[in-house]
Amino acid sequence: MADVVRVRAATNNEVAFIAWDVDGMIPGCLGFEIVRLYPDTGEERCLASWVPFKGQRNKDWIPQDTGVWPVQKVFWRDLTVRRRRDSLTLRPDGEMIAYRVRPVGAMKPGLEPVPVRPPLIDGKRTYAGPQRPLGYLGQGAVSPTIFLGSMFGKARVAFTNGVLSTQWMSRALAEAGIKVGQRDKIREELQDRNSKIRAYLHGDVPDVLTSLLTRAKAEGGSVRLALYELGDDALRDAIIEAKDVVEVILANSGKDEQTKKWDFGNAPYRKALRDAGVTVTDRLFNNNHIAHNKFAVYRDKHSVPRSVMTGSTNWTTTGICGQSNNAFIRDDPEMARVFDDYWERMKADVFPPPQHEDAPGHAVQTQGVAFRKGNHIANPLNGQPASLEGMTVWFSPNDPERNKKTLSVRPVDLEDVFSRIRAAKKAVLFLVFNPSRRGDNSIIAEAVAAAQANRDLIVQGAISDQAAMPNYVPSTRDPVTHKSNKDGKAPFVFPEKVWEMPNVSVVRAANLTGASIATDFQAEVLTIGHAIVHDKIVIIDPMEDNATVITGSHNLGYKASYENDENLVIVEGDKTFAAAYAVHFLDVFDHYKFRAWRRTLGKGPSADDGLRTDDSWLKPYAQGRKGALARYFP
């Protein structure tokens, strides 16, 4: 009889991803039980699930184990590998874990019964409907042991849990007396340093952002920061507490929609730093150019650059709590010297300030030719290319002749990225905010074209901005009637006809609304700011020897290359680092894929959204028609 024949698992600092193979159809299979194993202690923990069988109800959204509500997929995300299901305390890192996956079906004579481990309240079951006793249909298989920690390759990596469109978040807000639509109250909650919701959402990211400041204070070193936005009290105070060892280049935030003043968000934090005696260099464009970096360079007590922190995370409450983001620290003197040189050239790139800090900027508020020329060379180090082992670093703006976006000339950094996408063999995965409007000049267009040329190439991604969807059609309004035309379309998925490109799946970040919730689901928050998926990540062939991760502050579009201060880091050949980023991708993408398709299908409340009560769900997986990425990774 067919069974689970291979289990693979990988983890980052927040979640784990498990995938398994079956060697054929398993008759009567209702799903899989997944158990987390601790080889050092012999402890076993059955993973949690929330969706019941058809005919059952989970009105209070209380989790059961996968031995009660099994997984009807061939992959799963362990969301409680570090964050417990019943509290906000962290499980310790440094542990070794593995996963056992076994097929289960309806209990009948001759089968070994699946243990029932449901939580009871006052001795009663927490869900309604008839129980479904289950039995094991096979011995299953166990994954290799993996290490639970935060070091991946040469880097310490952290990812936020800042996906707001979750059932957990909706219920946590309700318990705090906050409704889904009360964005101001949600912001207040996330700004509260004592909030358990805040602590859960930001994970380890704030510690990674500020750890170089802590190191400088302890070791007598110094830190150079380059920040686009500063808008969180705890992060502000961390900078102030390190005022004797830190120097900040702080950009302007955007124009406030109500007051029309520039730098509205950063202004009070800029003042607080100055008043506290922090050394601050203003970089105020107050126009379409933005100083979009968010990096730190650690220099030892002899002023020698030693480490770099970079990633997508803005130093704001929204950045650490309300978006999917990443950050990493790498102890690498060569990389640190490259970033330190860029920081110094940025500080030296002086242009006339706006008339007032909150006034609009003009054409003179732009980066200088010398600065742009220096950024044109990959890895600029004193004007010469630097040799970084397994890494390429690009800085923006990087066209010596142009300081405005020019679609007719491809930027040198994006040409590097595009060429790597075209050379992909197995998979191109991406999480992006808005890399480009629809057209042929975006990483999404390049990835889709690569998938068309190679039908074995898996291309999957999640984005924030609807205009970046390949099938987006902008709506227009009649100048007389002011009615929208019927051609406008803001899709949630691409392709909408799956069979046309089965190796491609691009989704837009979405939430469950009153029109798309089902059974015991609740409407969800989507965002408290502009971005939802704020990562700027491309992952290419994560399990191959050339495994590549592209990350940093760069939004992966032409504007970022031509007009903004940016950093773009490409790490190649580090499969451990790539696996951590791939797990983050799988966590975010799988979450939004479910919601994007529900919004696309327009499904409302239905009793048919429970687990199926027969084995028909398994056929496309057993036949290899679903779960292509799960079979490839990890």
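The values are calculated or read from the model by the stated rules, or taken from the named source; none is laboratory data. What you are looking at is a predicted structure, and each value in this text was computed from that prediction instead of being measured. Counting neighbours? That spans all protein chains shown, and the Cβs are built from the backbone with ideal geometry, glycine included.
One residue stands out among those in the stretch 453-480 that are in a strand (DSSP E or B) and farther than 22 Å from L629 by Cα: the one that is modelled with the highest pLDDT, which is V473.
Filter the stretch 21-54 down to residues that are in contact (Cβ under 8 Å) with a residue 24 or more places away in the chain and at positive phi and give me whichever is surrounded by the fewest Cβ atoms within 10 Å (Cβ to Cβ). In this case the residue turns out to be G24.
Here's the yes/no breakdown for (1) in the same structural domain as L164 (by TED's automatic domain parsing); (2) over 29 Å from Q191 (Cβ atoms); (3) acidic (D, E); (4) out of contact with any strand residue (DSSP E or B) (no Cβ under 7 Å at 6 or more places or on another chain):
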{"position": "N293", "(1), (2), (3), (4)": "yes, no, no, no"}
{"position": "D300", "(1), (2), (3), (4)": "yes, yes, yes, no"}
{"position": "R306", "(1), (2), (3), (4)": "yes, yes, no, no"}
{"position": "F328", "(1), (2), (3), (4)": "yes, no, no, no"}
{"position": "D331", "(1), (2), (3), (4)": "yes, yes, yes, no"}
{"position": "D349", "(1), (2), (3), (4)": "yes, yes, yes, yes"}
{"position": "Q355", "(1), (2), (3), (4)": "yes, yes, no, yes"}
{"position": "D358", "(1), (2), (3), (4)": "yes, no, yes, yes"}
{"position": "A363", "(1), (2), (3), (4)": "yes, yes, no, yes"}
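Can you pull out every residue in the stretch 615-634 that is assigned to a helix (DSSP H, G or I) and either surrounded by fewer than 16 Cβ atoms within 10 Å (Cβ to Cβ) or within 23 Å of the chain's Cα centre (by Cα) (or both)? Correct list: S616, K619, P620, A628, L629, A630, R631, Y632. Taken across the stretch 173-186, residues that are touching an Asp or Glu at 6+ places or on another chain (Cβ under 7 Å) and of a type in the set (G, A, S) do occur, with at least one present. For R100, state whether it is modelled with pLDDT under 90 and surrounded by 16 or more Cβ atoms within 10 Å (Cβ to Cβ). No, not satisfied. Between V549, V538, the distinction of being free of Cβ contacts under 8 Å to residues at least 60 places away in the same chain, closer than 22 Å to H292 by Cβ and either assigned by TED's automatic domain parsing to the domain that holds W499 or buried (at least 17 other Cβ atoms within 10 Å of the Cβ) (or both) belongs to V549 only. Please count how many residues of the stretch 175-213 are among the acidic types (D, E) and in contact with a Leu (Cβ under 8 Å, 6 or more places away or on another chain). Number of matching residues: 1. Examine the stretch 481-490 for a residue that is in contact with a helix residue (DSSP H, G or I) (Cβ under 6 Å, 6 or more places away or on another chain), assigned by TED's automatic domain parsing to the domain that holds D587, closer than 16 Å to Y592 by Cβ and modelled with pLDDT of 90 or more, and state whether such a residue exists. No; the residues of the stretch 481-490 include none that is in contact with a helix residue (DSSP H, G or I) (Cβ under 6 Å, 6 or more places away or on another chain), assigned by TED's automatic domain parsing to the domain that holds D587, closer than 16 Å to Y592 by Cβ and modelled with pLDDT of 90 or more. Picking from residues in the stretch 299-318 that are of a type in the set (S, T, Y) and part of a strand (DSSP E or B), the one that is farthest from E229 (Cα to Cα) is S307.
Within the stretch 543-573, the set of residues being of a type in the set (S, T, N, Q) and either part of a strand (DSSP E or B) or closer than 21 Å to D465 by Cβ (or both) comprises T548, T551, S553, N555, S561, N564, N567.
Condition check ((1) closer than 19 Å to W343 by Cα; (2) free of Cβ contacts under 8 Å to residues at least 60 places away in the same chain; (3) out of contact with any helix residue (DSSP H, G or I) (no Cβ under 7 Å at 6 or more places or on another chain); (4) assigned by TED's automatic domain parsing to the domain that holds K301) across all residues:
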position: L209; (1), (2), (3), (4): yes, no, no, yes
position: K217; (1), (2), (3), (4): no, yes, yes, yes
position: V248; (1), (2), (3), (4): yes, yes, no, yes
position: K260; (1), (2), (3), (4): no, yes, yes, yes
position: P268; (1), (2), (3), (4): no, yes, yes, yes
position: V278; (1), (2), (3), (4): yes, yes, no, yes
position: F285; (1), (2), (3), (4): yes, no, yes, yes
